[in-house]
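The structure appears below as structure tokens.
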Amino acid sequence: MATPAAAAAPSTTATSEKKKPVFVKAESLNPGTHGHNLTVKVVDSNAVKATGGANRGGRSSASLNPRGPARLAECLVGDETGCILFTARNEQVDMMKPGSTVILRNAKIDMFKGAMRLAVDKWGRVEVTEPADFDVNQENNLSLVEYELVNVEE
């Protein structure tokens, strides 16, 4: 009976191998996409005041979220091909210091007022890494391009 278990062991290790991440450049980001891995530099970071949402639902956000209000920051990040606004949340805000280089894993594109924003949710990761040797191309800001949803009738 030991031989079938031994034969099954190599197949499980072969299927559980992790794929190497494919890193993309900022200029290749498109609306509604996800699963991006990027190495970017932080150009600028601005804290955003949390609104709380108490005036919409009638309940204060403190009663809904025991950890308190979420910390948000809009950070301009990019590489040598372009830049985009990144929405940093909670502990991500501390990592997004201007001039630092970060690796964004499993990032997604959110649309905000018709413009693209990069975000990393609970399924992704933000890692600070050693400084990169490229200059951010601020001429190609993908967050300044306004998109409009068009319904195509067939």
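Step by step: first the residues of region 79-95, then only those that are buried (at least 21 other Cβ atoms within 10 Å of the Cβ) and more than 12 Å from the chain's Cα centre (by Cα), then the one that is nearest to K25 (Cα to Cα). Which residue is that?
D79
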Limited to region 1-34, what total is found for residues that are of a type in the set (G, A, S) and at pLDDT 90 or above? 1
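If a residue has to be open to solvent by less than 30 Å² (accessible area, probe 1.4 Å) and closer than 20 Å to V145 by Cα to count, how many in region 96-108 make the cut?
Kept after step one, since they are open to solvent by less than 30 Å² (accessible area, probe 1.4 Å), are these residues of region 96-108: 96, 100-104, 107.
Among the residues that remain, those that are also closer than 20 Å to V145 by Cα are: 107.
Qualifying residue count, region 96-108: 1.
Among residues belonging to region 29-50 that are outside any strand (DSSP E or B) and touching a residue at least 40 places away in the same chain (Cβ under 8 Å), point out the one that is surrounded by the most Cβ atoms within 10 Å (Cβ to Cβ). Before you say what the answer is, go through the steps one by one.
Residues of region 29-50 that are outside any strand (DSSP E or B), as a first pass: 29-33, 49-50.
Cutting the leftovers down to touching a residue at least 40 places away in the same chain (Cβ under 8 Å) gives us 29-33.
Working: L29: 19, N30: 10, P31: 14, G32: 11, T33: 13.
Only one residue fits best here, namely L29.
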When region 109-124 is examined, which residues are found to be farther than 24 Å from P98 by Cα and loosely packed, with under 10 Cβ neighbours inside 10 Å? K113
Please specify each residue of region 125-153 satisfying the condition of being open to solvent by 90 Å² or more (accessible area, probe 1.4 Å) and acidic (D, E). E130, D133, D135, E139, E146, E148, E153
Inspect all residues belonging to region 60-69 and state whether any of them is modelled with pLDDT of 85 or more and surrounded by 12 or more Cβ atoms within 10 Å (Cβ to Cβ). no
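The values are calculated or read from the model by the stated rules, or taken from the named source; none is laboratory data. Only a predicted model underlies this, so the values are computations on that prediction, with no experimental measurement involved. So basically every Cβ, Gly included, is an ideal-geometry build from the backbone, and we count neighbours across all protein chains shown. For accessibility, only protein heavy atoms count, side chains too; no ligands or nucleic acids. Shrake-Rupley method; radii C 1.70, N 1.55, O 1.52, S 1.80 Å.
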